[in-house]
Amino acid sequence: MGNPKGFIQITRKVAGYRPLNERTSDFGEVEQTLNEQDRKDQASRCMDCGVPFCQWGCPVMNNMPEWQDAIYRGDWKNAIDLLHVTNNFPEFTGRICPAPCENACTLNIQGEPVTIRENEAAAAEKGFELGFVVPKPPAVRSGKKVAVIGSGPSGLACADLLNKWGHTVTVFEKDDAIGGLLRYGIPDFKLNKWVIDRRLEILQEEGLIFKTGTHVGTHIQGAELLKDYDAVCLTIGAMKPRELTVEGSGLSGIHFAMDFLTQQNRINRGQRIPEDQRILAAGKNVVVIGGGDTGSDCVGTSIRQGALSVRQIEILPKPPETRLPDNPWPYWANVLRNSTSHEEGCERSWSLSTKRCIGDGSVRQIEVVEVDWVKENGRMNMVEKPGTTRKMDAELVLLAMGFVHCVHEGVAGELGLEFDARGNIKVDRNFQTSAPGVFAAGDAATGASLVVRAIFQGRGLARSVDKFLKAGK
């Protein structure tokens, strides 16, 4: 604890965002950066608590007090080294994590937590800038081969560790580039894709093998991989979207959020999309159904495409502005959050259920009704409020209602894997599936969650597979 009075002398200061009129005209990252001295000052606010609740709140158990102190002292090498002990990709989480660590920070009792996420991003960037993040190939190879199917954060974290421990790892990706939802799901204005490419160059130099455009279950069968590899790891995500099952939901102009976001990311990457396949918000009234982060990403993308208006509706009630008594610190605060996309121009509504979609082949309006949530027999039930039905103009409707589970068709079905009650791949405490030699982790096994939790799952998967391989099975 380099400055024991830092949290008293220095107030919380965030980097802020690029000017609104500037950032909405491009897809560059919206977040700005503090200068080095300001960043050190912010790191000095860490109290080095006897019980580091920030670490408790972090899914990967980052050693926050230690690397905050390293930043304060200007020891950027120690800072990035400490981050890499628990997190393979701090440059990703430093940009897109919702920071449960800051929710659990002791200073958050007064609403002024340490800027942990921004500090993490700064430490990662300094690590690359100063040449501390370099390829470190394993000195010895084990002779064991592992196939990792899916190149999202869970798959990459698993592959990275197994490769570092000397196993020969091949990552199979169905898309044309590595990264999973980091690449094609998260907008560039939150995570610029050169950040992914920079890390991939290091992973390749360390010996990781990437095979893109290879859909396991279609282009190659999982059974074939089991013959050629000593272990197969499924990190295929939870890509089955929740559907809208109302009258008119099949009209043209209604699209899943991920189709919309993925297409824009491909365009940003330089790919050409035929005009008749283009999902474009320009000049249209856009309604985003779903109030989460994916919906927020649709809002920001629609605004950048030139939407006439953007509305985001959510079926659940509006969260409170501050914590309620039954949601105390250091637990995650279930409060209203506004993203940078919301600040750019969006009308938000809560407790609205979609009744039907109206159009003449193409969607023109949606009909919604206000709902109340009533607790009955320990469960919350939705009840429509009489006389509250209304219509909204909508030439583009984006469905951002979440994901139900992994895609069952393809490799999971081909291998005959068991699924749990929610449709996720069923695994034991060692990430072992019902098929010998086949493991699964991340959203495919847990359901859709945070990138940082996917990394944690991938790291746990790597440890289990390493143990399996060393046992000679």
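Listing for the model above:
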read-out: Of all residues in region 419-473 being free of Cβ contacts under 8 Å to residues at least 60 places away in the same chain and assigned to a strand (DSSP E or B), the one that is farthest from Glu91 (Cα to Cα); value: Phe419
read-out: Matching residues, region 213-245, being of a type in the set (Asp, Glu) and not in a loop (DSSP other than H, G, I, E, B); value: Glu224, Asp228
read-out: Hits in region 384-393 - residues which are over 13 Å from Lys355 (Cβ atoms) and surrounded by 12 or more Cβ atoms within 10 Å (Cβ to Cβ); value: Asp393
read-out: Residues that are crowded, with 21+ Cβ neighbours inside 10 Å and over 22 Å from Gly155 (Cα atoms), drawn from region 70-81; value: Ala70, Ile71, Tyr72, Trp76, Ala79
read-out: Region 275-328: number of residues that are assigned to a loop (DSSP other than H, G, I, E, B) and within 21 Å of the chain's Cα centre (by Cα); value: 4
read-out: Selected residue [touching a Ser or Thr at 6+ places or on another chain (Cβ under 6 Å) and either assigned by TED's automatic domain parsing to the domain that holds Ile358 or aromatic (Phe, Trp, Tyr) (or both)] from Phe439, Phe419, Phe431, Phe403; value: Phe431
read-out: Helices (runs of 4 or more DSSP H) (entirely within region 98-211) containing at least 3 residues that are more than 20 Å from the chain's Cα centre (by Cα) and in contact (Cβ under 8 Å) with a residue 24 or more places away in the chain; value: 116-129, 153-164, 193-205
read-out: Breaking point among (1) of a type in the set (A, V, I, L, M); (2) over 30 Å from Ile315 (Cβ atoms); (3) in contact with a helix residue (DSSP H, G or I) (Cβ under 6 Å, 6 or more places away or on another chain), for Leu191; value: (2)
read-out: Test: residue in region 76-84 that is over 18 Å from Ala441 (Cα atoms), acidic (Asp, Glu) and either without any contact (Cβ under 8 Å) to a residue 24 or more places away in the chain or outside any helix (DSSP H, G or I) (or both); value: no
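The values are calculated or read from the model by the stated rules, or taken from the named source; none is laboratory data. The shown structure was predicted, so the numbers you read here are calculated from the model rather than taken from an experiment. All Cβ positions, glycine included, derive from the backbone under ideal geometry; neighbour counts span all protein chains shown.
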